[in-house]
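> Take this structure, written in structure tokens, and hold onto it; I'll ask about it next.
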Ligand SMILES: Cc1cc2nc3c(=O)[nH]c(=O)nc-3n(C[C@H](O)[C@H](O)[C@H](O)COP(=O)(O)OP(=O)(O)OC[C@H]3O[C@@H](n4cnc5c(N)ncnc54)[C@H](O)[C@@H]3O)c2cc1C
Ligand SMILES: Nc1ncnc2c1ncn2[C@@H]1O[C@H](COP(=O)(O)O)[C@@H](O)[C@H]1O
């Protein structure tokens, strides 16, 4: 099996984020591997480990050159190699463009399975995996809480966690899978893993080598304004009548 | 006048309130056609429930492929309609399913997409609250049909009666849309409480409940509220994942959110900090959740909540 895992580098969740001329300021914040993508990396490694030798995990990321830092973390967890698509023309790319670049890269790589997180913590769109399935014409197995792969018969079965319940879904290779954060516990890179990752290949691809023309994004920001921070509220220590005070507050605000 | 398509949302045969919110937003920009995707034979019962809000017509699309092939089949049916009618906009609720459908339709019809809007104007400018609600962004789609997913509970529904004209078509998914198949479904047992993302009030419990949600549920019930949970509570198996609030759970934006025994990790806040009002009950005065509370009680939830429940009951009687 050849497995690809799409990972994104995102600003640290705790970092204060700002917009500069309609785009997220990515320069002045700490950047990390999107934590929801760690579950996808972990699941890919588990699939490979469950089926012995001869299977590979390739990390694919689109982003600025410094995205290699996040990719290196995925490699230190145990992935084999990586492709980073980085190009000045991709600055501010929307999900349509991102999925096009990723899908074209995946299509040329001979992969059987692509794994994704369910959401990037910066954009929070939760659309790229579905877009990849649509573009590639592959089976979509998203929001998986468990994944079982049988390489011999090219079959995959997942449980999809939906708002309504659990769906068991099946498909044949090739497929796009996204995994939820309850699926596994991502491993910490070991010292050995970190050292080994330094020698692994990260292939840098400018857009021209991917074979996609940069197109303008089809959604555009008109304006962005910081909202006033929430004013500090009332805080009291319960001395036996905290519940009553809460009720008074509800009544005061006409909620009851 | 241009046309705006709305995807009706329903669960267990009941059309959701979100549908009327989408109709209301969409009608600002054009004549609204409500698309109902349903099993064969089920569409008319759903369509009949669309009696509120400024909808012009209801288009029922019936196919058993929707249940069997999920997102891919739904997206294909809608893509066909969008390709044929070229509406100005397509509005879909911002659920996990809704966003996936929107994403596929955007690719299939070469249209721009905006997710998690909290408002839509007559010019189809979408308002989003980003970076944990700290920034307001206005944006628009510049190519194709404006595909916008809208968060439940954001647009005030126009509930004036209406009687949209109904038409019905059938749909067969292509082989491309049948690559992933649902082989079985296990629905969550739903209680009698309001839907989490639609509720005006949400009362949530976290690790501080220690697995005992009775105080939280009782308080929710006296307020007619939905019950939510932090990830610590869903991970422990105390509450179903479907009721998790946060980054990897639901995003809620009720009039009032009550966080009980929840510390306020950034991932939890990501799902609730745009609530209009926030009340906190937590015994740790330094819990970060107090930073965003309009009203906070430092205290034991097992003492504060029962007293508050009694107090609300007393005032109501
Ligand atoms: C990738 C990822 C995704 C995540 N997604 C989510 C998500 O969607 N939603 C989410 O909620 N979390 C999410 N988390 C987890 C998040 O980081 C926190 O771990 C989680 O929110 C903590 O839950 P909690 O506040 O209930 O528990 P804790 O942080 O343990 O807090 C419990 C609180 O209860 C208080 N307490 C204890 N006993 C009492 C009592 N008797 N009365 C009153 N107060 C009491 C304590 O003072 C404490 O503040 C995610 C984490 C990761 C890494
Ligand atoms: N720029 C990117 N490079 C690689 N993978 C991405 C990128 N953007 C999104 N993804 C993948 O798509 C998932 C969903 O992202 P999103 O749709 O942006 O919320 C992420 O968890 C990643 O697996």
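> Taking into account only those residues within segment B:205-221 that are touching a strand residue (DSSP E or B) at 6+ places or on another chain (Cβ under 7 Å) and more than 8 Å from ligand 1 (Cβ to nearest atom), which is nearest to residue B:253 (Cα to Cα)?
Of everything passing the filter in segment B:205-221, B:220 is nearest to residue B:253 (Cα to Cα).
> Got at least one residue in segment B:223-244 being within 16 Å of ligand 2 (Cβ to nearest atom) and closer than 30 Å to residue A:117 by Cα?
So the first thing to find is which residues in segment B:223-244 are within 16 Å of ligand 2 (Cβ to nearest atom), and the list is none.
Taking every residue of segment B:223-244 in turn, none turns out to be within 16 Å of ligand 2 (Cβ to nearest atom) and closer than 30 Å to residue A:117 by Cα.
> Please state which one of A:89, A:82 is closer than 24 Å to residue B:138 by Cα and touching a helix residue (DSSP H, G or I) at 6+ places or on another chain (Cβ under 6 Å). Break it down into steps so the answer makes sense when it comes.
On the way: A:82 fails: closer than 24 Å to residue B:138 by Cα.
A:89 is the lone residue from the list that is closer than 24 Å to residue B:138 by Cα and touching a helix residue (DSSP H, G or I) at 6+ places or on another chain (Cβ under 6 Å).
> Please find, among A:74, A:93, A:107, A:144, the residue that is at pLDDT 95 or above, farther than 13 Å from residue A:7 by Cα and within 18 Å of the chain's Cα centre (by Cα). Before the answer, list the steps.
On the way: A:74 fails: farther than 13 Å from residue A:7 by Cα; A:93 fails: at pLDDT 95 or above; A:107 fails: within 18 Å of the chain's Cα centre (by Cα).
Result of the check over A:74, A:93, A:107, A:144: A:144.
> Identify the single condition in (1) touching a strand residue (DSSP E or B) at 6+ places or on another chain (Cβ under 6 Å); (2) more than 16 Å from ligand 1 (Cβ to nearest atom); (3) within 23 Å of residue A:216 (Cβ to Cβ); (4) not in a helix (DSSP H, G or I) that residue A:132 does not satisfy, given that it satisfies every other one.
Failed condition: (4).
> Go through the residues of segment A:22-39 one by one and say whether even a single one is over 30 Å from residue B:129 (Cβ atoms), within 11 Å of ligand 2 (Cβ to nearest atom) and part of a strand (DSSP E or B).
Going through segment A:22-39, the residues over 30 Å from residue B:129 (Cβ atoms) turn out to be none.
Looking through segment A:22-39, none of the residues is over 30 Å from residue B:129 (Cβ atoms), within 11 Å of ligand 2 (Cβ to nearest atom) and part of a strand (DSSP E or B).
> Further, regarding this structure: Take residue A:57 and decide whether it is modelled with pLDDT of 95 or more, away from ligand 1 (no atom under 16 Å from the Cβ), more than 14 Å from every other protein chain (Cβ to nearest Cβ) and not in a strand (DSSP E or B). Lay out the reasoning, then the answer.
On the way: modelled with pLDDT of 95 or more: yes; away from ligand 1 (no atom under 16 Å from the Cβ): yes; more than 14 Å from every other protein chain (Cβ to nearest Cβ): yes; not in a strand (DSSP E or B): no.
No, not satisfied.
> Right, another one. It is to be established whether one or more residues within segment B:168-179 are within 9 Å of chain A (Cβ to nearest Cβ), out of contact with any helix residue (DSSP H, G or I) (no Cβ under 6 Å at 6 or more places or on another chain) and part of a loop (DSSP other than H, G, I, E, B).
yes
Residues checked against (1) touching a helix residue (DSSP H, G or I) at 6+ places or on another chain (Cβ under 7 Å); (2) within 9 Å of chain B (Cβ to nearest Cβ); (3) crowded, with 20+ Cβ neighbours inside 10 Å:
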site: A:122; (1), (2), (3): no, yes, yes
site: A:125; (1), (2), (3): yes, yes, yes
site: A:135; (1), (2), (3): yes, yes, yes
site: A:160; (1), (2), (3): no, yes, yes
site: A:182; (1), (2), (3): yes, yes, no
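> On the basis of being closer than 23 Å to residue A:1 by Cβ and within 13 Å of chain B (Cβ to nearest Cβ), does residue A:151 make the cut? Write out each step before concluding.
On the way: closer than 23 Å to residue A:1 by Cβ: yes; within 13 Å of chain B (Cβ to nearest Cβ): no.
For residue A:151, the condition - closer than 23 Å to residue A:1 by Cβ and within 13 Å of chain B (Cβ to nearest Cβ) - is not met.
> Take the residues in segment B:50-86 that are out of contact with any helix residue (DSSP H, G or I) (no Cβ under 8 Å at 6 or more places or on another chain) and part of a loop (DSSP other than H, G, I, E, B), then tell me which one is farthest from the other protein chains (Cβ to nearest Cβ).
Among residues in segment B:50-86 that are out of contact with any helix residue (DSSP H, G or I) (no Cβ under 8 Å at 6 or more places or on another chain) and part of a loop (DSSP other than H, G, I, E, B), the one farthest from the other protein chains (Cβ to nearest Cβ) is B:51.
> Right, next: Of everything in segment B:222-248 that's touching a residue at least 40 places away in the same chain (Cβ under 8 Å) and more than 14 Å from ligand 1 (Cβ to nearest atom), which residue is farthest from residue A:36 (Cα to Cα)?
The residue in question is B:222.
> Filter segment B:136-151 for residues that are under 11 Å from residue B:106 (Cα atoms) and outside any strand (DSSP E or B); which is farthest from the other protein chains (Cβ to nearest Cβ)?
The residue in question is B:145.
> Which residues, counting only those in segment B:294-315, are out of contact with any strand residue (DSSP E or B) (no Cβ under 6 Å at 6 or more places or on another chain), in contact (Cβ under 8 Å) with a residue 40 or more places away in the chain and either over 16 Å from residue A:252 (Cβ atoms) or outside the structural domain of residue B:223 (by TED's automatic domain parsing) (or both)?
Initial filter on segment B:294-315 (out of contact with any strand residue (DSSP E or B) (no Cβ under 6 Å at 6 or more places or on another chain)): B:299-300, B:302-303, B:305-315.
From what's left, in contact (Cβ under 8 Å) with a residue 40 or more places away in the chain: B:302, B:305-306, B:308-309, B:312-313.
Answer for segment B:294-315, where residues must be out of contact with any strand residue (DSSP E or B) (no Cβ under 6 Å at 6 or more places or on another chain), in contact (Cβ under 8 Å) with a residue 40 or more places away in the chain and either over 16 Å from residue A:252 (Cβ atoms) or outside the structural domain of residue B:223 (by TED's automatic domain parsing) (or both): B:302, B:305, B:306, B:309, B:313.
> When the residues of segment A:162-172 are filtered to those that are in contact (Cβ under 8 Å) with a residue 12 or more places away in the chain and over 21 Å from the mean Cα position of the chain (by Cα), which remaining residue is farthest from the other protein chains (Cβ to nearest Cβ)? Can you show your working first?
Step one: list which residues in segment A:162-172 are in contact (Cβ under 8 Å) with a residue 12 or more places away in the chain, which gives A:162, A:166, A:169-172.
Filter once more, so that each one left must be over 21 Å from the mean Cα position of the chain (by Cα): A:166, A:169-172.
Numbers: A:166: 4, A:169: 5, A:170: 6, A:171: 4, A:172: 8 Å.
Of everything passing the filter in segment A:162-172, A:172 is farthest from the other protein chains (Cβ to nearest Cβ).
The values are calculated or read from the model by the stated rules, or taken from the named source; none is laboratory data. This is a predicted model, so every value here is computed, not measured. Cβ: placed from backbone, ideal geometry, glycine included. Neighbour counts: every protein chain shown.
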